[in-house]
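The values are calculated or read from the model by the stated rules, or taken from the named source; none is laboratory data. These numbers come from a predicted model, not from an experiment. Using ideal geometry, Cβ is built from the backbone for each residue, glycine included, and neighbour counts are taken over all protein chains shown.
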């Protein structure tokens with residue numbers, strides 16, 4: 001993978017989120033892909049499970065949002081991107097996200113992990129800091 005391919009994949013992800021149904025998931029994720037919604041969450045594994053999670057998480061394909069992204073790094077089949085998502089018009093929710101993606105040879109994602117951060121989210125305190 002290179003930066004241009006990863007940028008294209010992120011665009012395809014956004015387009016799939018905006019498209020009714022979940023059929024487009026098969027074009028961006030492998031059949032046995034894992035999708036971790038946070039660093040400490042259990043991964044959702046396989047297209048059927050990802051499709052159920054996808055439908056439960058989004059408000060629908062008409063959901064109003066703006067998404068910007070920047071590919072931070074690409075090394076072999078692994079990429080990291082920083083995203084900013086703003087929901088609503090006017091904006092009533094926003095967050096920043098880091099995505100770690102591992103791709104199969106065909107360009108579909110085999111492993112997806114996100115690290116979302118919200119504006120009011122406090123930073124972690126190390127146990128020795130207290």
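Looking only at the stretch 98-107, decide whether some residue is surrounded by 11 or more Cβ atoms within 10 Å (Cβ to Cβ) and assigned to a loop (DSSP other than H, G, I, E, B).
Taking the stretch 98-107 and keeping what is surrounded by 11 or more Cβ atoms within 10 Å (Cβ to Cβ), we get 98-104, 107.
This time we only want the ones that are assigned to a loop (DSSP other than H, G, I, E, B), so: 104, 107.
Looking for residues that are surrounded by 11 or more Cβ atoms within 10 Å (Cβ to Cβ) and assigned to a loop (DSSP other than H, G, I, E, B), one finds at least one in the stretch 98-107, hence yes.
Looking only at residues in the stretch 1-13 that are buried (at least 17 other Cβ atoms within 10 Å of the Cβ) and in contact with a strand residue (DSSP E or B) (Cβ under 6 Å, 6 or more places away or on another chain), which one is farthest from residue 44 (Cα to Cα)?
Per the stated criteria, the residue is 1.
Against the definition (assigned to a strand (DSSP E or B), surrounded by 11 or more Cβ atoms within 10 Å (Cβ to Cβ) and in contact (Cβ under 8 Å) with a residue 40 or more places away in the chain), how does residue 110 come out, yes or no? Break it down into steps so the answer makes sense when it comes.
Working: assigned to a strand (DSSP E or B): yes; surrounded by 11 or more Cβ atoms within 10 Å (Cβ to Cβ): yes; in contact (Cβ under 8 Å) with a residue 40 or more places away in the chain: yes.
It is true that residue 110 is assigned to a strand (DSSP E or B), surrounded by 11 or more Cβ atoms within 10 Å (Cβ to Cβ) and in contact (Cβ under 8 Å) with a residue 40 or more places away in the chain.
Please count how many residues of the stretch 29-40 are more than 16 Å from residue 101 (Cβ to Cβ) and either under 14 Å from the mean Cα position of the chain (by Cα) or not in a loop (DSSP other than H, G, I, E, B) (or both). I'd like the intermediate steps shown before the answer.
Quick first cut of the stretch 29-40, residues more than 16 Å from residue 101 (Cβ to Cβ) only: 31, 40.
This time we only want the ones that are either under 14 Å from the mean Cα position of the chain (by Cα) or not in a loop (DSSP other than H, G, I, E, B) (or both), so: 31.
Matching residues across the stretch 29-40 total 1.
Hey, can you tell me all the residues within the stretch 54-71 that are loosely packed, with under 14 Cβ neighbours inside 10 Å and either touching a strand residue (DSSP E or B) at 6+ places or on another chain (Cβ under 9 Å) or farther than 23 Å from residue 90 by Cα (or both)?
55, 56, 59, 63, 64, 66, 68, 70
What number of residues within the stretch 27-46 satisfy the criterion of being out of contact with any strand residue (DSSP E or B) (no Cβ under 8 Å at 6 or more places or on another chain) and free of Cβ contacts under 8 Å to residues at least 40 places away in the same chain? Even if it seems obvious, please write down each step before you answer.
Initially, the stretch 27-46 is screened for residues out of contact with any strand residue (DSSP E or B) (no Cβ under 8 Å at 6 or more places or on another chain), giving 27, 31, 40-41.
Still in the running and free of Cβ contacts under 8 Å to residues at least 40 places away in the same chain: 31, 40-41.
Within the stretch 27-46, residues that are out of contact with any strand residue (DSSP E or B) (no Cβ under 8 Å at 6 or more places or on another chain) and free of Cβ contacts under 8 Å to residues at least 40 places away in the same chain number 3.
Taking the conditions exactly as written (on the phi > 0 side of the Ramachandran plot and modelled with pLDDT under 95), does residue 46 satisfy them or not?
Numbers: on the phi > 0 side of the Ramachandran plot: yes; modelled with pLDDT under 95: no.
No, not satisfied.
Looking at the stretch 75-93, can you tell me whether even one residue there is modelled with pLDDT of 90 or more, exposed (fewer than 11 other Cβ atoms within 10 Å of the Cβ) and out of contact with any helix residue (DSSP H, G or I) (no Cβ under 6 Å at 6 or more places or on another chain)? So that I can check it myself, show each step before the final result.
Initially, the stretch 75-93 is screened for residues modelled with pLDDT of 90 or more, giving 75-84.
Keeping just the survivors that are exposed (fewer than 11 other Cβ atoms within 10 Å of the Cβ) gives 75-76.
Filter once more, so that each one left must be out of contact with any helix residue (DSSP H, G or I) (no Cβ under 6 Å at 6 or more places or on another chain): 75-76.
Taking every residue of the stretch 75-93 in turn, at least one turns out to be modelled with pLDDT of 90 or more, exposed (fewer than 11 other Cβ atoms within 10 Å of the Cβ) and out of contact with any helix residue (DSSP H, G or I) (no Cβ under 6 Å at 6 or more places or on another chain).
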